[in-house]
Amino acid sequence: MKKLFITLFLSFVWAAGHSQDTTGLVAWWPMSGNAIDSTGHGHNGHISNVTMVPGMNGTPNSAYYFNGSNSLITVPYAPELNVSQFSLCGIVMVKGFYYGTCQANYILTRGKSGQPGSYTMCFFDGPFDEDCNYVDSARNVFTTNAGPKSPADVTDWQYSPQIVKDEWYKVIFTWDGTLMKVHVNGVLKNSFTPVGGSFGISSDSLAM
């Protein structure tokens, strides 16, 4: 199963923003001892079986460890979770990989991937093998979706170097209604126009 450290911020916004500036943010969870939405918008999370650990800078109790089994933070549905564009931003350390069928490792998810109104932060090896029954832990990359919209070819998600365990990554996914992009540690890794139906809306909650 996947295991993660998540720290500093995990936010989604109407447009790209800085982690220290809440202007324009829909929600922001600093992961610093609770799952309260630091924007003041009230999108507070409910914590289950996560553990406080040092974050990227080594500061104690500035990240959450998700054990890959029963760790979860959930955020109830609110109309503001339906957005037409987004930036999903997170600082994460991957501690392990899920080896089950189709092996997607979710960092943040709203709704079922591919359904209207859904969006995700995740990582998996599918862009390199498209095989639900085979896992290559050396070829995982960060990916996202915007409702039914996804790459015309899953290989569009490929980039290098791939994810290495026990290293911190700053990941930003953006969807501006036309282009989908992923930045990792400040470097643009992918940029393409996805295909599929309308992004849409839903009444789903959000989970980390």
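The values are calculated or read from the model by the stated rules, or taken from the named source; none is laboratory data. Small disclaimer: the values here were computed from a predicted structure and weren't measured. Heads up, the Cβs are rebuilt from the backbone with ideal geometry, glycines too, and the neighbour counts pull from every protein chain shown. Protein only, heavy atoms only, side chains kept; ligands, DNA and RNA dropped before computing areas. Shrake-Rupley method; radii C 1.70, N 1.55, O 1.52, S 1.80 Å.
So what are the three principal axis dimensions of the range 120-204 from its Cα atoms, in whole Å, longest to shortest?
Principal-axis extents of the range 120-204 (Cα, largest first): 35, 32, 25 Å.
In terms of solvent-accessible area of protein heavy atoms at a 1.4 angstrom probe, what is the ranking of Ser48, Ser202, highest value first?
Working: Ser48 45, Ser202 20 Å².
Sorted by accessible area, descending: Ser48, Ser202.
In whole percent, what relative contact order does the range 72-122 give with Cα contacts below 8 Å and a gap of six or more residues?
Values: 32 pairs, mean separation 12.7, N = 51.
It rounds to 25 percent for the range 72-122.
Among the listed pairs Lys112/Lys149; Lys112/Lys189; Lys165/Lys189; Lys95/Lys181; Lys112/Lys170, which have their C-alpha atoms separated by more than 22 angstrom in this model?
Working: Lys112/Lys149 13 Å; Lys112/Lys189 25 Å; Lys165/Lys189 19 Å; Lys95/Lys181 24 Å; Lys112/Lys170 24 Å.
Going by Cα-Cα distance, Lys112/Lys189; Lys95/Lys181; Lys112/Lys170 fall outside the 22 Å limit.
For the chain, just give the cysteines left without a disulfide-compatible partner, judged by no other Cys Cβ under 4.7 Å.
Cys89, Cys122
Ordered by residue, what ³J(HN,Hα) values in Hz, to whole numbers, does the range 133-141 give under the Karplus form 6.51 cos²θ - 1.76 cosθ + 1.60, where θ = phi - 60° and Gly and Pro are x?
Once θ is set to phi - 60°, the couplings for the range 133-141 become 10, 10, 10, 10, 5, 8, 10, 7, 9 Hz.
Contact order normalised by length for the chain, with contacts defined as Cα pairs under 8 Å and 6 or more residues apart; what percent is it? Walk me through the numbers before you get to the answer.
Numbers: 544 pairs, mean separation 44.7, N = 208.
The value is 21 percent.
How big is the shadow of the Cα convex hull of the chain, averaged over all directions, in nm²?
With the hull built on Cα positions only, its mean projection is 10.2 nm².
List the longest stretch of the chain that has no exposed loop site; here a site is one of the chymotrypsin sites (Phe, Trp or Tyr not before Pro) assigned by DSSP to anything other than H, G, I, E or B, with at most 13 other Cβ within 10 Å.
The longest such stretch corresponds to 1-98.
Hey, in the GNM for the chain with a 10 angstrom Cα cutoff, which one of Asn185, Asn145, Asn105 fluctuates hardest?
Asn185
Under the classification rounded if a/c is under 1.5, otherwise prolate if a/b is larger than b/c and oblate if not, where does the range 27-144 fall, given a ≥ b ≥ c as square roots of the Cα gyration tensor eigenvalues?
Here the range 27-144 falls in the oblate category.
If R0 is 25 Å, what FRET efficiency do you get for Lys189 and Leu72 from their C-beta distance, rounded to 0.05?
Efficiency, from the Cβ-Cβ distance: 0.35.
Say R0 is 30 Å: what FRET efficiency, to the nearest 0.05, do Asn44 and Ser203 get from their beta-carbon distance?
Working: r = 18 Å, r/R0 = 0.61.
With a Förster radius of 30 Å, E is 0.95.
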